[in-house]
1. Please tell me if residue A:3 is modelled with pLDDT under 95, more than 9 Å from chain B (Cβ to nearest Cβ) and either farther than 19 Å from residue B:51 by Cβ or part of a helix (DSSP H, G or I) (or both).
2. Among the candidates A:181, A:156, A:170, which residue alone is at pLDDT below 95 and either closer than 18 Å to residue A:234 by Cβ or touching a helix residue (DSSP H, G or I) at 6+ places or on another chain (Cβ under 8 Å) (or both)?
3. Among the residues in region A:50-62, are any part of a helix (DSSP H, G or I), surrounded by fewer than 18 Cβ atoms within 10 Å (Cβ to Cβ), within 12 Å of chain B (Cβ to nearest Cβ) and in contact (Cβ under 8 Å) with a residue 40 or more places away in the chain?
4. In region A:83-103, which residues are at the interface with chain B (Cβ under 8 Å from one of its Cβ atoms) and under 19 Å from the mean Cα position of the chain (by Cα)?
5. Would you mention how many residues in region A:210-259 are without any contact (Cβ under 8 Å) to a residue 24 or more places away in the chain and assigned to a loop (DSSP other than H, G, I, E, B)?
6. Give region B:198-229 a look and list any residue that's within 17 Å of the chain's Cα centre (by Cα), over 19 Å from residue B:57 (Cβ atoms) and in a loop (DSSP other than H, G, I, E, B), or say none.
7. Can you pull out the helices (runs of 4 or more DSSP H) entirely within region B:1-85 that have at least 2 residues that are at the interface with chain A (Cβ under 8 Å from one of its Cβ atoms) and either loosely packed, with under 15 Cβ neighbours inside 10 Å or on the phi < 0 side of the Ramachandran plot (or both)?
8. List the number of the failed condition for residue B:155; all other conditions in (1) in a helix (DSSP H, G or I); (2) within 18 Å of the chain's Cα centre (by Cα); (3) in contact (Cβ under 8 Å) with a residue 24 or more places away in the chain hold.
């Protein structure tokens, strides 16, 4: 069954944490490793609006469903950033607009070139290019859910676990949208399958790789995805991605972990 | 000077669906005249074109400013629901829903040209985008005011007044940012002047067909047009001289009729 966009928009809310005892972090602070990972997650969530830019340069935004989804998705992800920033603030880690702006300014030329690259590619490939974005989005959202679930498992902090569960629940709806879009577009076009398979296998990297330092990416992947449990979680994401039409056998998450030298 | 608009508070209090706040049942029972419904559908199309506007803004340096993107995320959300309730009002009680398509005319400034221009314009372009938003809001708010003056249906006046109240916060943000940035940046003022004399407002008007553009223009003119309000605002920014003033007036009065670029 397709994704019900009206239901999604009508029930889209900002993630709530007012009822959670965040002050408990003052008494039971999270370790430095976890704070570094949370900081990474917050930056990535806040950066969603910039990813949106890439989607908007393709023909996809002209479709009402995609446009409606992006509006809600953007806002939900912004609030995930705010929620994680609230946890970080209790550990005296500040993530405010000035800090985010400074990070975005550091991205330099590559960031400026991205929209042009996306737009030119979109123009050359045509509507099949939208399948790449949708499949990419699905891979990223599956990865995000996995990362939040792994963080909750590893940290064993009930307040953090509940907040991450709420965030992951919203991410699951994003997965549903992206997969329904991706499946439909991939199933309809062999060309879309080939382009998507090529793009994912050659260019996909863990969420945040384009905006964070390699050190940060390696830290987060090592923290959340190393060892047998981490590898099992990565395999699960790969299985989901490779279940989509034409993407069978892809192991992009495990390949990325190998590339970063994350022990299995 | 630090900005006064509280983006965080705006984000926290952004309004979602307005369908519960508007008496849609009364419109289903006693439909509005078809001309009024058409105007509502036109306004829904203009308010619903947010993603195209967002794209034009995000491909430039404006996307670097996290305070502005935080605002835009909630602004797009509120605009989505404004467009939604306008569509619901336009469709209520009609035999078939009225949808106004925005045509995909070849854009003079697509994302590639916009982002290339963004290279050269740097942060100065942010002031121009804020000015665009401030003028767009004023034009649309004028349209809601004129519409409210044209009807004696209390429920419609209430619905339009709710929309205008929401838009006041958008206008406040865009205006404050435009004033702040243009005052201190000569390059932004030069870019803004160029934009003023080349752009159409409300944004997206050129994507309506001739009949709908004429209908929208007629609505604005029914109360004297939005030109004076916009010119007064722009003059306060100190970016145009007397000759520009005349050209801008012509532009604003002509744009809605011809959809010129």
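1. Working: modelled with pLDDT under 95: yes; more than 9 Å from chain B (Cβ to nearest Cβ): yes; either farther than 19 Å from residue B:51 by Cβ or part of a helix (DSSP H, G or I) (or both): no.
Spelling it out, it is not the case that residue A:3 is modelled with pLDDT under 95, more than 9 Å from chain B (Cβ to nearest Cβ) and either farther than 19 Å from residue B:51 by Cβ or part of a helix (DSSP H, G or I) (or both).
2. Values: A:156 fails: either closer than 18 Å to residue A:234 by Cβ or touching a helix residue (DSSP H, G or I) at 6+ places or on another chain (Cβ under 8 Å) (or both); A:170 fails: at pLDDT below 95.
Going through A:181, A:156, A:170 in turn, just one is at pLDDT below 95 and either closer than 18 Å to residue A:234 by Cβ or touching a helix residue (DSSP H, G or I) at 6+ places or on another chain (Cβ under 8 Å) (or both): A:181.
3. Applying the first criterion (part of a helix (DSSP H, G or I)) to region A:50-62 yields A:50-56, A:59-62.
Of the ones still in play, those that are also surrounded by fewer than 18 Cβ atoms within 10 Å (Cβ to Cβ) are A:59, A:62.
Going one step further and asking which of them are within 12 Å of chain B (Cβ to nearest Cβ), we end up with A:59, A:62.
Then keep just the ones that are in contact (Cβ under 8 Å) with a residue 40 or more places away in the chain; that gives A:59.
Yes: region A:50-62 contains one or more residues that are part of a helix (DSSP H, G or I), surrounded by fewer than 18 Cβ atoms within 10 Å (Cβ to Cβ), within 12 Å of chain B (Cβ to nearest Cβ) and in contact (Cβ under 8 Å) with a residue 40 or more places away in the chain.
4. Correct list: A:100 only.
5. Final tally of qualifying residues: 5.
6. Once the filter is applied, which keeps residues that are within 17 Å of the chain's Cα centre (by Cα), over 19 Å from residue B:57 (Cβ atoms) and in a loop (DSSP other than H, G, I, E, B), region B:198-229 yields B:208, B:225, B:226.
7. Values: elements: B:7-13, B:24-29, B:34-47, B:50-58.
Those helices (runs of 4 or more DSSP H) span B:7-13, B:50-58.
8. (2)
The values are calculated or read from the model by the stated rules, or taken from the named source; none is laboratory data. Just so it is clear, the model here is predicted, and its values are computed rather than measured. No Cβ is skipped: glycine too gets one built from the backbone with ideal geometry, and neighbour counts run over all protein chains shown.
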